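Read through the structure below, which is laid out as structure tokens, and then see the notes.
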Amino acid sequence: RVFVEATYRNDGSSKFADGHKWEDFWGVSGSWIVSNEDFFTPAKKYLNTLKLRASWGQLGNQAGIGLYDHYQYIYIGGQYPFGNSNNPLITTKATLGGMPAIDRTWETIDSYNWGVDFATFHNKLSGSFDYFIKDNGNMFYAEEYPSILGTSAPSINGAHVRTNGWELMLNWKDKIHEVGYSIG
């Protein structure tokens, strides 16, 4: 009649600086088959099956960021003229590899779902309805700096994307003489 499940995971990645490499992610889901309860017996001649569902879970994301961009790199190579323009001293060029992303951490995506499953007319008509929300409150984005910065800025946590929607599915299953059919 009642089903409950919980999940836990601890993910690690070398893409983040020390103190941000590991993150815990949780989830829980459950369902209740209301039509199996004694108090539901009078309604069973009209509604054969009724099941309520709910879930919440988290996932981490690290896609789209550099492997070790939490370290500050200085690239050495090429030539750079220095000093008198008539007789310049040619020196080795050094450039910054980008600003380090020392505070960036995992994106945490929360997913919520509420649903109902049902069947009626002697289980000939069945269906389900789901409403869902997907929420990413610390999505990676590239913050813009003035071009005088002289290097590229890393992506950081801070954007927020929330999507939601619903889904409805209906099915009719029956027989005409010995031929079975289903329409969904």
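The values are calculated or read from the model by the stated rules, or taken from the named source; none is laboratory data. It should be emphasised that the depicted structure is a prediction, and the values quoted were computed from it without experimental measurement. Quick reminder, even Gly has a Cβ in these numbers, built from the backbone with ideal geometry, and neighbours come from all protein chains shown. Only protein heavy atoms, including side chains, enter the accessible area calculation; ligands, DNA and RNA are left aside. Shrake-Rupley method; radii C 1.70, N 1.55, O 1.52, S 1.80 Å.
For the reader, a short list of remarks on this structure follows.
- The separation of segment 107-127 from segment 1-45, counted between C-alpha centres, amounts to 15 Å.
- Exposed loop positions in the chain were taken to be chymotrypsin sites (Phe, Trp or Tyr not before Pro) whose DSSP state is not H, G, I, E or B and which have at most 14 other beta-carbon atoms within 10 angstrom. Between these positions, the longest stretch is 122-184.
- Segment 85-184: GluC sites (Glu not before Pro) falling in loop per DSSP and having at most 13 other Cβ within 10 Å: Glu143, Glu144, Glu178
- Rounded to the nearest 10 Å², the accessible area of Asp18 at probe 1.4 Å: 130 Å²
- Residue-normalised accessible area of segment 32-184, expressed per residue, 1.4 Å probe, Å²: 70 Å²
- Between the listed residues Asn84, Ile102, Phe121, the Cα displaced farthest toward the positive end of the dipole of segment 1-121, a dipole computed from Cβ unit charges relative to the Cα centre, is found at Phe121.
- Along the axis of the charge dipole computed for the chain (Cβ charges of +1 for Lys and Arg, -1 for Asp and Glu, origin at the Cα centre), the listed residues Tyr181, Ala63, Pro42 are led at the positive end by Tyr181.
- Where the Cα pairs of segment 37-133 fall when distances are cut into 5 Å bins, in %: 3, 9, 10, 9, 8, 7, 6, 6, 5, 5, 5, 5, 5, 4, 3, 3, 2, 2, 2, 1, 0
- The candidates Ser182, Ser35, Ser14, arranged from most to least accessible area with a 1.4 Å probe in the full protein assembly, appear as Ser182, Ser14, Ser35.
- Charge dipole of segment 1-70 (Cα centre as origin; +1 on each Lys and Arg Cβ, -1 on each Asp and Glu Cβ, all else neutral): 500 debye, rounded to the nearest 20.
- In segment 5-89, GluC sites (Glu not before Pro) in a DSSP loop with at most 15 other beta-carbon atoms within 10 Å: Glu37
- Hydrodynamic analysis of segment 1-77 uses the Kirkwood radius over alpha carbon pairs. Inserted into Stokes-Einstein at 37 °C and 0.692 mPa s, it gives a translational diffusion coefficient of 195 µm²/s.
- Rolling a 1.4 Å probe over the protein heavy atoms of the chain, with every protein chain left in place, gives an accessible area that is 58 percent carbon and sulfur.
- Pairwise inverse Cα distances across segment 113-184, averaged and inverted, put the Kirkwood hydrodynamic radius at 16.8 Å.
- Hydrodynamic radius by Kirkwood, which averages 1/r over all alpha carbon pairs of the chain, in angstrom: 21.9 Å
- Where trypsin sites (Lys or Arg not before Pro) fall in DSSP loop in segment 1-49, at most 12 other Cβ within 10 Å: Arg1
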